[in-house]
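Data first, discussion second: the structure below is written as structure tokens.
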Amino acid sequence: MKLLRSIASAAAAVFHRPRLDREMDDELRSHIQLRADDLQRSGIPRREAQRRARIEFGGYERYKVECHEATGGQTLESVLQDLRFGLRMLRKSPGFTCVSILTLALGIGANAVVFSLLNALVLRPLNVPHAQNLFMIERGKDRSPSNSYPDYVDLRDRNRAFEGLVAYEIAPAGLNTDGIPEQVWLYETSGNYFDALGIQPSLGRFFHGSDEHGPNSAPFLVLSYGYWRSHFQGDRGVVGRVVQLNRYPYTILGVAPPEFRGTELFFAPQVWVPKVNVQQIEGSDSLGERGQRGMLLVGRLRPGVTPIQATADLNNVGAWLSRAYPKEDDGATFSLAKPGWVGDMLGGPVRAFMAGLMLLSGLILLAACTNLGSLFASRAADRGREIAVRLALGSSRTRVLRQMLVEAMLIAVAGAAVGVVATIPLVRALSAWQPIPDFPVNVPVNPDWHTYALALILAVVSGLLFGLVPVRQVMKADPYQSMKAGTSIAAAGRRLMLRDVLLVGQIAVCAVLVTSSLVSVRGMVRSLHSNFGFIPEHAIQVNTDVGMGGYHGEQATAMQRRILDTLARVPGVTAAGYSDRVPLNVGWADASVFSDSTTDYRPSNIATDAMQYEVSPGYFDSAATPLLLGRSFTWDDDAHAPRVAVVNQEFARKMFGSEAGAVGRAFKIWGGTRIQVVGVVSDGKYRTLSEDPQPAMFFPILQSPSGYTWFIVRSNRDSAELEAAVQQTLRDLNTGLPFTMNTWTKELDTALFAPRAASLALGVLGILGAMLAVTGIFGMAAYSVSKRLRELGIRIALGAGRSQVLSAALGRALRLLAIGSVAGLLLGLAATKVLSFIVYQATPRDPVVLGGVVLFMLLLGLFATWIPARRALAADPLILLRDE
């Protein structure tokens, strides 16, 4: 009841304000008149009595405010007054208002974009029901996400922690829907995939575990919603239609819902097919091979089961696998990770990069707040006479500070709105961006309510940060001295002020961002000119899978040879070869290697893991990979010849101690197959540009046939002419074989995506930091010059030289620039060490980086102080003194 009475009293005070004002005026005037009557009766003239009564009574307006507060309605009314007054003051200073709003929009906009990315890549779960209960199963100490299909079956049937465990693998295939085959990317999944995830079809039905009855027993496929819309124009009659997948008939069962993109955040499949049909998709049957690992496993925990309990349960199954299959699963252990980025294989780097970006964007916002804090401090100093008058008339210091905070909040909210609106086109472009050619990598970065909530929180926090900067000035202001002197409430002295500290911090933030940007760019430039182990210039890649054209077994090998011979005869081609995969591209394979004397092939006896490639004769010439020792492959190295391999230098050093004696030596791979080394090639990059030297081995493709084929065609012709000639040649050879073609340099976009993204993001943040630093230095220099023009005029009148005038006017700003630049450079050198994990050869110990940062900050300072310097030198002492 007490609360209700208070609310009613406050409401009455607000809605009946005119009547209350009249009553208060009458009451206060009556007090003054009564005192004047007393004084008049004591013999003082009426006019003098009224004057003395008003003086004795004190601040009339202050008593009115106190009376309103006593009635309970002053708070809301005063806030409305502050809002109206704040809007009027901001309208009176459009330059200050626009600069402040744009400054904060830069900071909050940058954070909104980065948070949208963070939300899409890290925070937002998979778009499936109860995604928080989904976990990916990783294997071994290296937390590999790959498992074999037989191990999946045992884990699925023997675990007690998951109510559903699914397996899937990403693969390409040739889909023919209208007579012209095209390559699509699909998920090969276990039959229980959709049921375990709880997904309902948008059209038709999904396949289930009951549809599987052994190898190649489930010729069904499910279309993604986007592929259905783009290739079938949303035709609802597509269900039941038979299409050709790798020349095999498949029935379309249904269409996935539009929001479902599979179980990886970065990859949007176009088709789902049952894994039991892997032989038709990949040309080989790996369902029974326990050592063939490539399946990704995701499970949904049972209610009440914790991840720790699930891990223990999986490791119990792993102990059983070790006993049952000691050769393939010796010491099998498992762990859990959140799905979305192939577990921790990509998830760890993505989270680290996004954390770094979020930190840098936070520094951008901090720089914006320091800039605005300096502007608000200067504005408070310029408004010294106004504040002094308000204090002299009885306004409380708290009320003055609240008024300034209201102005800060108005700017903060407006800046947040402008920043968020400006980021919408950018995040939409990021959502549509497909950075890797011929591979459906795409991440929806659409902002949601989390982004808007963050923008609002940042606006409030930022408004408080820069709005509270003038607190000390207002609390220590002396109205009498300010009114008498007619100067600001905080005259510029030589002591270190808060504005100076803020400016140093802002410059340091800018130097950190510039240093990080230059380190990243320099690392990327080095990566473009580093030793890949091959030369991508003047070569094109033609990617196909002859299995998509219906070629399998010996027919596939014959077709690959036929294509190679045809490409080698194209005019201008100097070398041609093919491989089952190429370095630095999507998809790679490694294999365990044992010494020649090993007879027990348990995982504990592995000598090393090596990257594995199956290549044709002519591959090393077409890739321009130097052969250092021995010989390359010939067409005689076929299935009937002894097993041979060409290894790289790192392989030779790890297995044989040196590369010099590697030719003629032997090693073994899993299963005991003995392989003799016939050649040594130079080291290269195989998975990422930033990797340490990796062992690699190359086998003759006739001894390990594969349907996946990357033809490398090297030529002295223009790449566009060569691509046209190659395309026509392949169409003439077989019109039903889908393929993609690109220059090898363009295909390196896959490997360069991470460093390019890092360089672009850091470059944009560096530009924003530089813009904020320029405005901060300019603001301080311009304010300093404007406050010291009279002093500068006197110096000029007394004969001071140009250098002395500039030193007096801008020396403080330049000293702060130097301090902030050095501090930021040191912090940047320490912070950019993390870039070496993303950007190849990114090192802060680079003279070009150090010199570049120093030069950039020097130019930034000169640019920011150029206009204030001209104004200082142009000061006319006669005009200035006459104005005084």
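The values are calculated or read from the model by the stated rules, or taken from the named source; none is laboratory data. Bear in mind that the values here come from a model prediction, so they are computed numbers and not experimental data. Ideal geometry is used to build each Cβ from the backbone, glycine not excepted, and the neighbour counts take in all protein chains shown. Quick note on the areas: whole protein, heavy atoms, side chains included, nothing else; ligands and nucleic acids left out. Shrake-Rupley method; radii C 1.70, N 1.55, O 1.52, S 1.80 Å.
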Number of positions in the stretch 204-259 that are free of Cβ contacts under 8 Å to residues at least 12 places away in the same chain and part of a strand (DSSP E or B): 1
Going through the stretch 229-274 one residue at a time, which ones are closer than 30 Å to Lys338 by Cα, open to solvent by 10 Å² or more (accessible area, probe 1.4 Å) and among the polar types (S, T, N, Q)? Gln270
Determine which member of the set Ala337, Ala332, Ala268 is under 30 Å from Gly174 (Cβ atoms), touching a Lys or Arg at 6+ places or on another chain (Cβ under 8 Å) and in contact (Cβ under 8 Å) with a residue 12 or more places away in the chain. Ala268
Across the stretch 543-562, which residue is most open to solvent (accessible area, probe 1.4 Å) among those that are among the small types (Gly, Ala, Ser) and closer than 17 Å to Tyr248 by Cβ? Gly553
Is the stretch 670-679 home to any residue that is of a type in the set (Phe, Trp, Tyr), open to solvent by less than 30 Å² (accessible area, probe 1.4 Å) and touching a residue at least 12 places away in the same chain (Cβ under 8 Å)? no
Determine whether the stretch 602-610 contains at least one residue that is open to solvent by less than 10 Å² (accessible area, probe 1.4 Å), under 20 Å from Arg665 (Cα atoms) and among the aliphatic types (A, V, I, L, M). yes
If Glu691 satisfies all but one of (1) open to solvent by 60 Å² or more (accessible area, probe 1.4 Å); (2) without any contact (Cβ under 8 Å) to a residue 12 or more places away in the chain; (3) in a loop (DSSP other than H, G, I, E, B); (4) not aromatic (Phe, Trp, Tyr), what's the number of the condition it fails? (1)
Does Thr832 satisfy being in contact with a helix residue (DSSP H, G or I) (Cβ under 6 Å, 6 or more places away or on another chain), at pLDDT below 70, assigned to a helix (DSSP H, G or I) and buried (at least 20 other Cβ atoms within 10 Å of the Cβ)? yes
Can Asn159 be described as surrounded by fewer than 24 Cβ atoms within 10 Å (Cβ to Cβ) and farther than 30 Å from Gly331 by Cβ? no
All but one of (1) in a helix (DSSP H, G or I); (2) at pLDDT 70 or above; (3) not small (Gly, Ala, Ser) hold for Phe439, so report the exception by its number. (1)
Restricting to the stretch 715-724, count the residues that are within 36 Å of the chain's Cα centre (by Cα) and over 10 Å from Thr743 (Cα atoms). 0
Of everything in the stretch 174-198 that's part of a strand (DSSP E or B), open to solvent by 10 Å² or more (accessible area, probe 1.4 Å) and touching a Gly at 6+ places or on another chain (Cβ under 8 Å), which residue is farthest from Phe739 (Cα to Cα)? Asn176
If you go through the stretch 416-436 one residue at a time, do you hit one that is at pLDDT below 70 and surrounded by 18 or more Cβ atoms within 10 Å (Cβ to Cβ)? no
Considering the stretch 536-562 alone, what residues qualify as being of a type in the set (Val, Ile, Thr) and at pLDDT below 90? Val542, Thr544, Val546, Thr557
Against the condition among the acidic types (Asp, Glu) and modelled with pLDDT of 85 or more, how does Asp154 come out, does it pass? yes
Any residue that is part of a strand (DSSP E or B) and of a type in the set (Lys, Arg) - is there at least one of those in the stretch 279-294? yes
Taking interchain pairs and intrachain pairs at least six residues apart, which have beta carbon atoms under 7 angstrom, with the first residue in the stretch 446-459 and of a type in the set (Ser, Thr, Tyr) and assigned to a helix (DSSP H, G or I) and the second surrounded by 14 or more Cβ atoms within 10 Å (Cβ to Cβ) and at pLDDT 80 or above? Thr451/Ala112; Thr451/Phe115; Thr451/Ser116; Thr451/Asn119; Tyr452/Val420
Can you tell which of Pro215, Pro201, Pro219 is in contact with a Ser or Thr (Cβ under 7 Å, 6 or more places away or on another chain) and surrounded by fewer than 21 Cβ atoms within 10 Å (Cβ to Cβ)? Pro219
Looking at the stretch 743-768, which of its residues are surrounded by fewer than 24 Cβ atoms within 10 Å (Cβ to Cβ), over 22 Å from Phe856 (Cα atoms) and not aliphatic (A, V, I, L, M)? Thr743, Thr745, Lys746, Asp749, Thr750, Phe753
How many residues, within the stretch 135-156, are closer than 14 Å to Gly291 by Cα, surrounded by 22 or more Cβ atoms within 10 Å (Cβ to Cβ) and β-branched (Val, Ile, Thr)? 0
Long-range neighbours under 8 Å by Cβ, at least six apart or interchain, first residue more than 19 Å from Glu691 (Cα to Cα) within the stretch 575-593, second open to solvent by 20 Å² or more (accessible area, probe 1.4 Å) and acidic (Asp, Glu): Ala575/Asp621; Gly577/Asp621; Val593/Asp609
Consider only pairs whose beta carbons are under 6 Å apart and that are at least six residues apart or on different chains; among these, list those whose first residue lies in the stretch 288-300 and is under 18 Å from Ala171 (Cα atoms) and whose second residue is open to solvent by 20 Å² or more (accessible area, probe 1.4 Å) and part of a strand (DSSP E or B). Arg293/Ser146; Gly294/Ser146; Gly294/Glu169; Met295/Glu169
Can you tell me which residues in the stretch 275-309 are within 20 Å of Lys338 (Cα to Cα) and among the acidic types (Asp, Glu)? none
Give me the residue from the stretch 287-320 that is touching a helix residue (DSSP H, G or I) at 6+ places or on another chain (Cβ under 6 Å) and at pLDDT below 90 and, out of that set, farthest from Gly209 (Cα to Cα). Gly291
Assuming Ile170 fulfils every condition listed in (1) open to solvent by less than 30 Å² (accessible area, probe 1.4 Å); (2) part of a strand (DSSP E or B); (3) not aromatic (Phe, Trp, Tyr) apart from one, which condition is it? (1)
From (1) at pLDDT 85 or above; (2) within 30 Å of Val542 (Cβ to Cβ); (3) surrounded by fewer than 19 Cβ atoms within 10 Å (Cβ to Cβ), pick out the condition that doesn't hold for Gln132. (2)
Would you mention how many residues in the stretch 729-753 are modelled with pLDDT of 85 or more and outside any strand (DSSP E or B)? 1
